[in-house]
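I have placed the structure first, in the form of structure tokens, so that the comments after it can refer back to it.
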Amino acid sequence: MSIQKPKGTQDLLPGEIEKWQYIETKARELCQRFNFREIRTPMFEHTELFQRGVGETTDIVEKEMYTFLDKGDRSISLRPEGTAGVVRSYVENKLYGEPDVSKLYYIGPMFRYEQPQAGRYRQFHQFGIEAFGSVDPSLDAEVIALGYTFYKELGLKDVTVEINSVGNPAVRAVYREKIQEFFAPVKDKLCKDCQSRYDRNPMRILDCKVDQKYGEGAPTILEYLDEECRTHFQAVQEYLTAMEIPFRINPRLVRGLDYYTHTAFEYKAAGIGAIDTIGGGGRYNGLVGQIGGTDQPGVGFGLGMERILLVLQAQGVDIPAAKPLDVYLIGLGEAAERECVKLLQNLRLAGLSAEKDYLGRKIKAKMKSADRYNAAYVAILGDDELAKGEITLKTMATGEQETLALSDLVQTLRERAGQV
């Protein structure tokens, strides 16, 4: 039996990977405009990091992490999300000592052991940003705006932003009691997970897809915000309005991670069925302290790359095709073939994309290969042309052929590719 990829993973092949590269390039370019710098953290960390950072009562930590003992009997987990690792790096490398707000972004794979479905894999990929060092609500709005701008510039339609405030620890302590009082009469009817959440993290019951009917009429956390939380939430709304970022308040939005404070938000998009959330994030003012650093406020998001591709496909958004090959070389004769090897290297060193045949095929098959590579030009060199210092250049779009001095080929192609 042949070995196959593990369940919930995928091979990203040529023809598909170009879409990923386009999205990643757009993310990097946008982050540069917003003055976020890239950070790359390990794909595995000590399990304690996620228990302390993500929260022991979350589904991620309780059910979904890939956790194992290494050869030193240390508990190691593949990262299920990006924020905890970035915070650990921020603390460990003392980035809090920088005089300005630390604005970081990451792109990479995450791992969760869950049932695969459309747009959801056991190895999946996220683009995320994190900003540390400021409680300014305009930073919350900037983070939300970056994500919204990213989706819009990719061409996604009908993207909506939902926001809520999840308060601070004091507010949540009061709200926790109110939620427990509300669900107490139906506690025995709740699903097994929510019965466990009732004592440990009752706010998460509101996020349950199974028990939504029991949550109708539940009090919202917005009713219990203190002055600080109300002021912060109102300011976020005013900044979003000023930036013309459309949003709606969803008082039931709590997110699935324990570290959020104040602002929580999600991006929604039509086209991928009932699960329409394509990304989300929020503020986490206590997380740096929880992970062992001098406490600093933070805010960020994580956007699912697979979800983005699914929506782009569902909405019929075309991603620009990969740049065609600049030139395909064809050598006719032994001496010409040897010269093509040298010429190929010179073309590539000059910044042009170039290819040749390696299978000893006839010219007709070589031309078909050039077509498959979508080559802009085919350069044909025979032994006779080589002796005269000439080469034939064919423009594939028109079929037009011309004879050039062999020494002029690189410069001519550079000029036509707009490199000079």
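The values are calculated or read from the model by the stated rules, or taken from the named source; none is laboratory data. Bear in mind that the values here come from a model prediction, so they are computed numbers and not experimental data. Neighbour counts are summed over all protein chains in view; Cβ atoms, including those assigned to glycine, are modelled from backbone coordinates with ideal geometry. Ligands, DNA and RNA are stripped out before the accessible areas are found, and what is left, the full protein with its side chains, is counted by its heavy atoms. Shrake-Rupley method; radii C 1.70, N 1.55, O 1.52, S 1.80 Å.
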Exercise. Right, Lys189: charged (D, E, K, R) and touching a residue at least 24 places away in the same chain (Cβ under 8 Å) or not?
Worked result: yes
For this session: Could you check, for the stretch 50-57, whether at least one of its residues is surrounded by 12 or more Cβ atoms within 10 Å (Cβ to Cβ) and out of contact with any helix residue (DSSP H, G or I) (no Cβ under 8 Å at 6 or more places or on another chain)?
Result: no
For this session: Using the structure shown, decide if Ala131 is assigned to a strand (DSSP E or B) and at negative phi.
Result: yes
Seminar exercise, completed: Picked from the stretch 337-365 (must be assigned to a loop (DSSP other than H, G, I, E, B) and without any contact (Cβ under 8 Å) to a residue 60 or more places away in the chain), the residue least open to solvent (accessible area, probe 1.4 Å) is Asp357
Exercise. Quick check: anything in the stretch 58-67 in a loop (DSSP other than H, G, I, E, B), over 29 Å from Lys26 (Cα atoms), in the same structural domain as Ser138 (by the TED database) and in contact with a Gly (Cβ under 7 Å, 6 or more places away or on another chain)?
Worked result: yes
For this session: Could you look through the stretch 229-268, keep only residues that are hydroxyl-bearing (Ser, Thr, Tyr) and free of Cβ contacts under 8 Å to residues at least 24 places away in the same chain, and pick out the one that is nearest to Lys152 (Cα to Cα)?
Result: Thr241
Seminar exercise, completed: If you go through Lys368, Lys394, the only one that is of a type outside the set (Val, Ile, Thr), out of contact with any helix residue (DSSP H, G or I) (no Cβ under 7 Å at 6 or more places or on another chain) and assigned to a helix (DSSP H, G or I) is Lys368
Exercise. When the residues of the stretch 174-190 are filtered to those that are among the aliphatic types (A, V, I, L, M) and under 22 Å from Leu222 (Cβ atoms), which remaining residue is surrounded by the fewest Cβ atoms within 10 Å (Cβ to Cβ)?
Worked result: Ala184
For this session: Check Phe124 against each of (1) over 30 Å from Thr231 (Cα atoms); (2) part of a helix (DSSP H, G or I); (3) open to solvent by less than 40 Å² (accessible area, probe 1.4 Å) and name the one condition it does not meet.
Result: (2)
For this session: Could you identify the single residue in Glu142, Glu162, Glu130 that is open to solvent by 30 Å² or more (accessible area, probe 1.4 Å), modelled with pLDDT of 95 or more and within 29 Å of Gln315 (Cβ to Cβ)?
Result: Glu142
Exercise. Quick one: which of Asp188, Asp193, Asp158, Asp199 is over 26 Å from Pro297 (Cα atoms) and outside any helix (DSSP H, G or I)?
Worked result: Asp158
Exercise. Residues of the stretch 371-391 being assigned to a loop (DSSP other than H, G, I, E, B), modelled with pLDDT of 95 or more and surrounded by fewer than 20 Cβ atoms within 10 Å (Cβ to Cβ), which ones?
Worked result: Gly389
Problem set entry | Positions within the stretch 225-253 being buried (at least 18 other Cβ atoms within 10 Å of the Cβ) and more than 23 Å from Phe150 (Cβ to Cβ), in sequence order | Leu225, Cys229, His232, Phe233
Problem set entry | Residue selected from the stretch 294-336 under the condition surrounded by fewer than 20 Cβ atoms within 10 Å (Cβ to Cβ) and β-branched (Val, Ile, Thr), by the criterion nearest to the chain's Cα centre (by Cα) | Ile319
